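Below is one structure; the comments refer to it alone.
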Amino acid sequence: MTANIQDRASIERIYPPERFAEDIGRNSDPKATVLSGVRILSGLDGQGNFEFVRASRHVGEPPEDDAGVFLSPFLVTAAAGDKAGYESSPRNSGAAEHSKTSEYGAFIDRVIEAARTARSPAATGRDDERLRGLRQ
């Protein structure tokens, strides 16, 4: 899906806060073998557009490969009294809500920064450097 780094809402439509909360819950499990998040598939074009999708990967895979850059959210702070950070009790619901909002915003900032530095995957074919030269 296409998003634009100057239009934060375009990123949030593809990766909404609800999905972020679900992914943080899954990724925060110490026994998780698969991480959930987003994969940036292309670098920026002239207008600041880039391709990214919701994705998952095994914990042993590198975060950056030929398929793009993978980012997964993790719980950074937990409100006092929160067991897993996203389960709020009446006494701290305001603190938990603020924590969720700020962590989501920080993750969207990470997506924007990663899109700025991402390279488009090299196309295989005639212009591929690996295919040049003498072949036997």
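Check which residues have an amide H placed less than 5 Å from GLU64's amide H, if you skip close sequence neighbours.
The answer is PHE70.
Using the beta-carbon distance between SER102 and VAL59 and R0 = 30 Å, what value does 1/(1 + (r/R0)^6) give for FRET efficiency, to the nearest 0.05?
0.70
Using θ = phi - 60° and the Karplus form 6.51 cos²θ - 1.76 cosθ + 1.60, what ³J(HN,Hα) does each residue of the range 15-25 get, whole Hz, x for Gly and Pro?
10, x, x, 5, 5, 4, 4, 4, 5, 4, x
Read-outs: derived from the displayed coordinates by stated rules, not from any lab. This structure is a prediction, so every number in the text was calculated from the model and none was measured. Counting neighbours? That spans all protein chains shown, and the Cβs are built from the backbone with ideal geometry, glycine included.
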